[in-house]
1. Do any strands (runs of 3 or more DSSP E) lying entirely in region 65-179 carry at least 2 residues that are in contact (Cβ under 8 Å) with a residue 40 or more places away in the chain and not assigned by TED's automatic domain parsing to the domain that holds residue 388, and which ones are they?
2. Mind checking which residues of region 155-169 are surrounded by 16 or more Cβ atoms within 10 Å (Cβ to Cβ), of a type outside the set (Gly, Ala, Ser) and over 21 Å from the mean Cα position of the chain (by Cα)?
3. Does residue 286 satisfy the criteria of being at negative phi, in contact with a His (Cβ under 9 Å, 6 or more places away or on another chain) and part of a loop (DSSP other than H, G, I, E, B)?
4. Only one residue in 295, 332 is closer than 23 Å to residue 372 by Cα and touching a His at 6+ places or on another chain (Cβ under 9 Å). Which one?
5. Among 338, 394, which is closer than 20 Å to residue 230 by Cβ, in contact (Cβ under 8 Å) with a residue 40 or more places away in the chain and more than 17 Å from the chain's Cα centre (by Cα)?
6. Determine, yes or no, whether residue 40 is of a type in the set (Val, Ile, Thr) and buried (at least 22 other Cβ atoms within 10 Å of the Cβ).
7. Which residue, of 362, 306, is crowded, with 23+ Cβ neighbours inside 10 Å, touching a Leu at 6+ places or on another chain (Cβ under 9 Å) and either in the same structural domain as residue 41 (by TED's automatic domain parsing) or assigned to a helix (DSSP H, G or I) (or both)?
8. Just checking, which of 319, 235, 323, 289 is touching a helix residue (DSSP H, G or I) at 6+ places or on another chain (Cβ under 9 Å), in contact (Cβ under 8 Å) with a residue 12 or more places away in the chain and surrounded by 15 or more Cβ atoms within 10 Å (Cβ to Cβ)?
Amino acid sequence: MGKISLLILDGFGIGAMDDCAEVKPEDMNANTYKHLRAATKLHIPFLYELGLCRLVDNEGEPKAAYGKNNLAHHGADTYMGHQELMGSKPGIPQNRFMNDVGDHIKKCLEEEGCHVSVPIEGGSILLVNGCIVVGDNLESSPGNIINVVCDLNQITFEEASKIGRVVRSCVDTSRVIVFGNKKSDIVDILSAVTKKNGSQWGVDSPKTNVYGEGYHVLHLGYGVDFHKQFPYIAEANHVPVYRIGKTADVIQASGFKDPVVETKDVLRTYRHHYRKAEDNAVFLVNVQETDLAGHKQDVNWYKEVLEVSDRFIGEFIKEMSDEDVLFITGDHGNDPTIGHSNHTREQTPLLVIGEKITPVNLEVRTTMADIAATMAELAGVPQPEYGKSFLKEIKRA
């Protein structure tokens with residue numbers, strides 16, 4: 001096999017899912033790509049010629065295998081989208097607040113031998129072993145995530161992660177996030193506890209100075225087992241996996257990772273390691289600034305990031321060997337014109353490029369996990385738990 005790459009344009013959708021009326025009615029008119037094109041002089045000729053021409057405008061002859069992905073995960077979530085892309089079928093989570101589940105979490109932790117207290121009278125956060133705060137995530141959609149914020153001066157991240165897994169086992173929110181940094185001790189963490197929206201109690205993470213160098217994070221998704229995902233299976237079969245950009249934080253693997261954010265740095269890091277890597281290497285690359293621009297509702301920033309990515313793709317394709325394969329997709333939508341700053345539940349484009357790839361119509365895939373299944377077959381490793389490979393449809397005889 002040659003090198004296998006998955007380039008994820010975070011938040012790049014091409015039209016609302018059919019189930020939006022029931023699942024996310026506020027997204028019924030979302031179309032990230034079309035609305036960007038209408039609002040700006042967006043110029044992404046390589047992506048257009050690869051397949052957007054047919055997927056969006058039903059014209060032209062695509063140069064890549066092309067199709068659309070439906071989202072199998074509930075809602076439109078970056079973390080869950082990436083788990084699906086890696087071959088998981090995430091469960092349907094529930095919105096929970098510490099006001100509702102705090103007592104149950106406390107009981108679960110005490111049964112595991114932890115000392116648990118309520119450090120703020122009238123609040124719903126928990127203090128575990130004097131060095132971990134469990135509370136609502138204040139940055140995501142309300143009720144979506146429980147945070148486990150740890151003082152790494154008192155506890156190792158591995159020990160904190162074990163406590164995070166206990167929390168994960170007793171709550172059905174979309175995510176439990178374990179994180180910390182030696183720059184932030186328990187005094188800093190407790191001083192950043194905030195009440196929000198009348199019912200949420202949690203740590204205002206940016207105020208703790210937790211991010212940046214020394215930051216440790218573990219995302220624990222509902223219904224997700226990374227042991228059954230493509231990256232874990234690939235590494236278990238001696239296939240090296242490189243995670244560049246946001247994939248370094250949200251995808252579990254043990255090989256190279258660099259959580260770089262700026263697009264030019266993401267693409268430069270990708271190209272550098274691609275040129276040096278073994279022929280059987282796998283690259284999982286996320287361009288995050290598209291998503292950040294969507295959250296900011298900044299159409300011009302989004303346009304600039306897409307155009308930088310498009311120029312890179314046009315140049316990069318020329319460097320691929322005859323055996324190499326590049327998959328391009330999104331993880332959900334993030335329409336900056338829709339009227340809100342959240343992710344939008346949209347289909348994502350599916351483009352597959354390679355000298356030995358036939359430019360066929362892959363139609364609408366039931367799940368983004370089909371990409372993981374196809375990468376696994378390309379790599380010659382066992383299949384992930386979810387997804388159906390389309391390699392036979394695209395591989396030249």
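The values are calculated or read from the model by the stated rules, or taken from the named source; none is laboratory data. None of the values given here were measured: they were computed from a predicted structure. With ideal geometry, Cβ positions are generated from the backbone for all residues, glycine too; neighbour counts draw on all protein chains shown.
1. 132-136, 145-150
2. If the condition is that a residue be surrounded by 16 or more Cβ atoms within 10 Å (Cβ to Cβ), of a type outside the set (Gly, Ala, Ser) and over 21 Å from the mean Cα position of the chain (by Cα), then 155, 157, 163, 166, 167 are the ones that fit.
3. no
4. Result of the check over 295, 332: 332.
5. Unique residue meeting the criteria: 394.
6. So residue 40 fails the test.
7. The unique qualifying residue is 306.
8. 289 is the lone residue from the list that is touching a helix residue (DSSP H, G or I) at 6+ places or on another chain (Cβ under 9 Å), in contact (Cβ under 8 Å) with a residue 12 or more places away in the chain and surrounded by 15 or more Cβ atoms within 10 Å (Cβ to Cβ).
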